[in-house]
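Below is one structure, written out as structure tokens; the observations come after it.
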Amino acid sequence: MIDYILLAASILSDLFACGILRNWFCKKYIKHQVDLQMFNAASSLVSAAAVAGICLCASGISVPSMFTVWMGIVFGIATALCAIFNMKALECGPLSYTKIIISCSMIIPALAGMLFFEEEAISAWQYIGIMCMVVSFVCAVDKKDEKSGASFRWLFFCLGAFAFCGSVGIMQKIHQSSAYKKEFGVFLIIAFMASAMLSLCAAFACRVKTGERITLLDAGQRKGFWGITLACGIGIAFCNAINIYLSGVIDAILLFPVLNGGSMLLTSAAGFLLWKEKFSRKQYVGLALGILAIFLLCAGG
């Protein structure tokens, strides 16, 4: 029961940190590429500090193995690229459609679990659930209404986030299936530090190449920047800490579809209620199929 309570907490944390707050921030505050990189760097540092605090309060921080160090660095790079592509998509497109596409990345770790982790059997109902999620993704994108912001540029950023989000799920599973799974706290600290360093280097490169100034640190922007950065950083740390634990105790074919599918549906609702994003008839069908997919993936397990 506690595992499923944590699963629900992770979905809600993702909704606020990676959905509502990020969308609001990207559309209201970010003016240049350097701003986006600075935001990701700062929120990653907050996440690293939050995870370190959790570890110190729980059992302390142990010296990591080299496996954990290298996996953490690769995981951090993938996490940073996923966040950057996600925020670029939110800059130029709608929250609900963006989340729907990225949520379908659950197919990547779910199928990896089937291919590389033999203990995870997939039922016929779960196969049907995966197909429903794919159809839900296809129905979600409707370019008939250009006001929706569903451009090719937006789609490119969504697909980039899709690929890196799926790779993050695979790496979570690999680490938690290894002999070093108890090092997940320091694994996340290393990952968030690597994410921050990558974005800081990218921000510096953008600053040198384009001469863009960091508008987020202007007097009028500073308060909003740090407030949202703290909230996002803590929320993302909380979400990742839960997910990497759950990836070791719940089958990938169940965990990743429910995490991404639940977050997808709630974020779509937020886009509709808070940003007045409109859905076509086809998109409503897609949302219904998403709900059905989650039911089949859970019941099939």
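Structure values in brief
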item	result
Förster radius 22 Å - calculated FRET efficiency between W70 and C201, Cβ distance, rounded to 0.05	0.70
Listed residue (I190, A41, G261) projecting farthest to the positive dipole end of the chain, Cβ model	A41
Simple spin-label estimate for V208 and I54 in nanometres, 7 Å along Cα-Cβ	3.5 nm
Under the Karplus curve 6.51 cos²θ - 1.76 cosθ + 1.60, θ = phi - 60°, whole-Hz ³J(HN,Hα) for region 202-208, x wherever Gly or Pro sits	5, 5, 5, 5, 5, 5, 6
GNM flexibility winner over the chain from C92, C57, C206 (Cα, springs under 10 Å)	C57
Entries in K27/K278; K28/K88; K223/K276 that, when Cα-Cα distance is taken, lie over 21 Å	K223/K276
Stretch gain in nm, segment F295-F116, where the contour uses 0.36 nm per residue and the Cα spacing is subtracted	62.0 nm
For the chain, calculated [θ]222 nm from helices alone, where every DSSP H run of n ≥ 4 adds -39500 (n - 2.57)	-26500 deg cm²/dmol
For V285, solvent-accessible area (1.4 Å; no DNA, RNA or ligand), Å²	70 Å²
Highest average packing first - 174-186, 125-137, 217-229, 94-106, Cβ atoms within 10 Å	94-106, 125-137, 174-186, 217-229
Vicinal HN-Hα couplings computed from phi for region 260-273 (Karplus, 6.51 cos²θ - 1.76 cosθ + 1.60; Hz; Gly/Pro x)	6, x, x, 5, 4, 5, 5, 5, 4, 5, 5, x, 5, 7
Compactness of region 1-46, expressed as Rg and Dmax over alpha-carbon positions, Å	13.8, 45
Solvent exposure of the chain as accessible area per residue, Å², 1.4 Å probe	45 Å²
Ratio of Rg to Rh over the chain (Cα coordinates, Kirkwood Rh, two decimals)	0.96
Added length on full extension, which subtracts the Cα-Cα distance from 0.36 nm per residue, R281 to W125	53.6 nm
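The values are calculated or read from the model by the stated rules, or taken from the named source; none is laboratory data. Since this is a predicted model, take the numbers as computed values, not measurements. Heads up, the Cβs are rebuilt from the backbone with ideal geometry, glycines too, and the neighbour counts pull from every protein chain shown. In case anyone asks, the SASA skips ligands and DNA or RNA and just uses the protein heavy atoms, side chains included. Shrake-Rupley method; radii C 1.70, N 1.55, O 1.52, S 1.80 Å.
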